[in-house]
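S.K.: Supplied in structure tokens, the structure appears directly below.
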Amino acid sequence: MINSDFEKIIETVTLYFKGTYHGSAEMLSKAFHPTARITGIINDEIFDWSLSEFISRITMSPSAANKGENYDKKIISIDNTKNAAMVKACVIVGEFIFFDYITLLKINGHWIIKNKSFTN
């Protein structure tokens, strides 16, 4: 992987992390492809959201930053081949510990999140 690709993947995932932490629709819209799907399981219940549904869920409540919660999100691993990458991340939100599997594509020279699956 070219070093700049590695750095750009980290920047994109960090933008997603900060967007959820601060409740920023603008940051999330920059990190995710417009047709991204966010799917996962929370306490054995399956969720499947469009990007707009995901952003609405994030922005309709006070943000973690506004509630004074710790910023506890980290990348565990990155796997990249040419214009595709997979990032595994650990994200702690309130009492939930999530593991994210984030698929990114390099489109027109820019890394963007195409899909995210998660479990807690």
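S.K.: Of the residues that sit in the range 94-104 and are open to solvent by 60 Å² or more (accessible area, probe 1.4 Å) and not aromatic (Phe, Trp, Tyr), which one is modelled with the lowest pLDDT?
M.R.: The selected residue is GLU95.
S.K.: Tell me which residues, restricted to the range 73-119, are touching a residue at least 60 places away in the same chain (Cβ under 8 Å), among the β-branched types (Val, Ile, Thr) and either touching a helix residue (DSSP H, G or I) at 6+ places or on another chain (Cβ under 9 Å) or closer than 17 Å to SER29 by Cα (or both).
M.R.: ILE75, ILE78, VAL87, VAL91, VAL93, ILE102, ILE107, ILE112, ILE113
S.K.: Further question on the same structure: Can you go through LYS114, LYS74 and tell me which one is at pLDDT 95 or above, open to solvent by less than 60 Å² (accessible area, probe 1.4 Å) and of a type in the set (Lys, Arg)?
M.R.: LYS114
The values are calculated or read from the model by the stated rules, or taken from the named source; none is laboratory data. The model shown is predicted, which means the values in this text are computed figures rather than measured ones. Quick reminder, even Gly has a Cβ in these numbers, built from the backbone with ideal geometry, and neighbours come from all protein chains shown. To get the accessible areas, we keep the full protein, side chains included, count just its heavy atoms, and leave off ligands, DNA and RNA. Shrake-Rupley method; radii C 1.70, N 1.55, O 1.52, S 1.80 Å.
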